[in-house]
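*Asks:* A single structure is presented below for examination.
The values are calculated or read from the model by the stated rules, or taken from the named source; none is laboratory data. These numbers come from a predicted model, not from an experiment. Don't worry about glycine lacking a Cβ; one is built from the backbone with ideal geometry, like all the others, and counts go over all protein chains shown.
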Amino acid sequence: MKTTTLGHAAKCVLTGLLLLLPSCATETGTGGTTTPEPEIEKSFIRRSGTQLVVGETDQIIYLRGVNLSYDRVSSDDPSEPWRLADYTDWGTPATGWYQEKHFESIKEIGFNVVRLNLTYRIFEDNAAPGNWKESGWELIDRLVGWGKKYNLYLILDMHVAPGGAGIVSCMGCGWRTWDESVYQGRFKALWRAIAERYATEPQIAAYDLLNEPAPTESTSQWQNLAQALIYEIRKVDKNHLIIVEMPVWIFDKNNQSPLENYDTNVLGSFQFLVDDEDVVYDFHYYLPTAFTLQDETGVDGGKYPDEAKSESTIGGATMPRDKNYLDNEMKTITNFWATQGVPANFGEWGTAISAIVDSERGGIAYIQDMLGLMDERKMNWQFYYLNRIYRIDCCYDDNPTTPVSQPLIDLFKSYFASSR
């Protein structure tokens with residue numbers, strides 16, 4: 001069915017940086033689960049109601065995987081070998097971080113998709129916009145090749161846009177994308193170039209238009225830009241899924257409201273549909289943020305579960321920090337998409353490394369509860385990120401890999417194996 005465009009302005013902020021079917025399993029149209037053939041069927045994934053399907057028989061497939069970060073730039077300074085890319089030409093895009101062996105490890109765990117966090121600087125320089133770098137295409141081609149070898153789909157996620165438009169990319173960049181047509185034009189040209197090159201490549205599951213959009217005035221800024229990007233892509237590519245993330249930040253420099261000020265009505269105004277058939281809608285689930293983002297904030301976020309810890313809900317109530325709280329918030333977030341009959345995805349979710357490696361903090365219990373809750377809702381998801389599963393040093397060819405937490409690896413393996 002054709003979707004109807006919805007949504008209106010909101011002034012709110014989401015703080016932070018912001019189961020048990022196997023990731024590679026398919027379901028029959030009658031709801032039964034079948035063990036997949038060793039080779040993923042090489043056809044485009046598409047939307048069917050609230051679910052994703054593949055192949056002539058419309059087998060249901062869930063995209064359950066892990067994020068890989070290509071949104072960094074590297075330098076020769078050993079004290080700062082990499083940092084998040086911003087709107088500058090500082091440093092070199094860190095395209096050598098991950099190697100083929102990492103794709104092999106991802107497949108061994110049981111994931112079936114990798115979400116690639118890309119910066120536009122992989123494809124163009126600010127000094128020469130629109131002059132696409134051959135090295136950028138070579139990188140994506142290489143990743144597509146590894147995806148084919150290990151039966152892993154790819155999601156191309158634009159983490160850093162020309163001009164700056166999302167939370168992560170805008171450290172000092174000024175959020176030019178929202179106000180200056182030249183950067184919106186560059187953004188549209190980039191997505192069209194990517195779509196034109198990979199229009200016939202089924203190993204790419206989806207195009208994620210923009211990571212964690214942070215408009216400066218209202219949700220409608222992102223709704224309009226997302227629609228414009230989709231129109232541009234569809235001129236050259238009618239095959240691929242498109243992922244549209246809900247805004248997680250209205251960047252009001254004078255009044256940044258925290259997550260606790262959310263209510264159900266405000267959340268609804270952040271959510272909208274676009275005019276396109278093959279769209280998946282996305283939210284990054286880092287709740288409760290005090291626990292999941294404690295490494296980023298540097299503030300002790302406590303443990304999970306903690307019945308003595310009260311967490312504010314999106315609906316304005318308070319609940320103990322436990323699985324019921326996670327369930328309540330997840331229900332509130334996904335209700336709009338369930339009601340509209342469209343597929344939903346958590347493109348990022350996870351918790352602090354400190355909570356994963358310290359068994360007393362309960363990071364493993366948090367991840368286990370999240371897997372169960374997402375399974376109940378038949379969610380697509382991508383864990384953030386591989387570097388919380390394996391220790392991977394940025395930007396060097398040798399790049400040794402050791403587990404961050406063997407119990408976490410064992411949990412994921414058990415999760416996928418138990419449902420086959």
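*Asks:* So the check is Cβ under 8 Å with 6+ separation or different chains; which pairs have a first residue in segment 82-94 that's loosely packed, with under 15 Cβ neighbours inside 10 Å and a second one that's at pLDDT 80 or above?
*Replies:* 88/126; 89/121; 89/125; 89/126; 89/127; 90/73
*Asks:* Could you please find all residues in segment 112-147 being charged (D, E, K, R) and crowded, with 17+ Cβ neighbours inside 10 Å?
*Replies:* 115, 121, 124
*Asks:* Hey, another quick one. Among the residues of segment 208-223, how many are more than 19 Å from residue 384 (Cα to Cα) and buried (at least 20 other Cβ atoms within 10 Å of the Cβ)?
*Replies:* Summing the residues that are more than 19 Å from residue 384 (Cα to Cα) and buried (at least 20 other Cβ atoms within 10 Å of the Cβ) in segment 208-223 gives 6.
*Asks:* Under the condition of being out of contact with any Pro (no Cβ under 6 Å at 6 or more places or on another chain) and among the aromatic types (Phe, Trp, Tyr), which residue from segment 404-420 is surrounded by the fewest Cβ atoms within 10 Å (Cβ to Cβ)?
*Replies:* Residue satisfying both the conditions and the ranking: 412.
*Asks:* Is there a residue in segment 279-290 that is in contact with a helix residue (DSSP H, G or I) (Cβ under 8 Å, 6 or more places away or on another chain), farther than 27 Å from residue 242 by Cβ and in a strand (DSSP E or B)?
*Replies:* No - not one qualifying residue is present in segment 279-290.
*Asks:* Of all residues in segment 97-142, which are outside any helix (DSSP H, G or I), closer than 19 Å to residue 385 by Cα and not small (Gly, Ala, Ser)?
*Replies:* Hits for segment 97-142 are 97, 98, 99, 111, 112, 113, 114, 115, 116, 117, 118, 119.
*Asks:* In segment 180-202, which residue that is of a type in the set (Val, Ile, Thr) and surrounded by fewer than 16 Cβ atoms within 10 Å (Cβ to Cβ) is farthest from the chain's Cα centre (by Cα)?
*Replies:* 182
*Asks:* I've got another one for you. Within segment 354-377, count every residue that is farther than 20 Å from residue 332 by Cα, part of a helix (DSSP H, G or I) and either in contact with an Asp or Glu (Cβ under 6 Å, 6 or more places away or on another chain) or small (Gly, Ala, Ser) (or both).
*Replies:* Total satisfying the criteria: 5.
*Asks:* Could you check segment 148-172 and list, in sequence order, the residues that are crowded, with 23+ Cβ neighbours inside 10 Å, at pLDDT 95 or above and assigned to a helix (DSSP H, G or I)?
*Replies:* none
*Asks:* Does residue 416 satisfy being modelled with pLDDT of 95 or more, in contact with a Phe, Trp or Tyr (Cβ under 9 Å, 6 or more places away or on another chain) and part of a strand (DSSP E or B)?
*Replies:* no
*Asks:* Here is a follow-up. Could you figure out which of (1) in a helix (DSSP H, G or I); (2) modelled with pLDDT under 95; (3) surrounded by fewer than 18 Cβ atoms within 10 Å (Cβ to Cβ) isn't true of residue 252?
*Replies:* (1)
*Asks:* In this structure, does residue 78 turn out to be in contact with a helix residue (DSSP H, G or I) (Cβ under 6 Å, 6 or more places away or on another chain) and surrounded by fewer than 20 Cβ atoms within 10 Å (Cβ to Cβ)?
*Replies:* Spelling it out, it is not the case that residue 78 is in contact with a helix residue (DSSP H, G or I) (Cβ under 6 Å, 6 or more places away or on another chain) and surrounded by fewer than 20 Cβ atoms within 10 Å (Cβ to Cβ).
*Asks:* Quick check on my filter: what residues within segment 173-207 are modelled with pLDDT of 95 or more, not in a helix (DSSP H, G or I) and not aliphatic (A, V, I, L, M)?
*Replies:* Those that are modelled with pLDDT of 95 or more, not in a helix (DSSP H, G or I) and not aliphatic (A, V, I, L, M): 200, 201, 202, 203, 207.
*Asks:* Take residue 334 and tell me if it is under 16 Å from the mean Cα position of the chain (by Cα) and either outside any strand (DSSP E or B) or over 17 Å from residue 65 (Cβ atoms) (or both).
*Replies:* For residue 334, the condition - under 16 Å from the mean Cα position of the chain (by Cα) and either outside any strand (DSSP E or B) or over 17 Å from residue 65 (Cβ atoms) (or both) - is met.
*Asks:* Just give me the residues in segment 355-389 being under 26 Å from residue 77 (Cα atoms), of a type outside the set (A, V, I, L, M) and either in contact with a Lys or Arg (Cβ under 9 Å, 6 or more places away or on another chain) or surrounded by 21 or more Cβ atoms within 10 Å (Cβ to Cβ) (or both), in sequence order.
*Replies:* 385, 388
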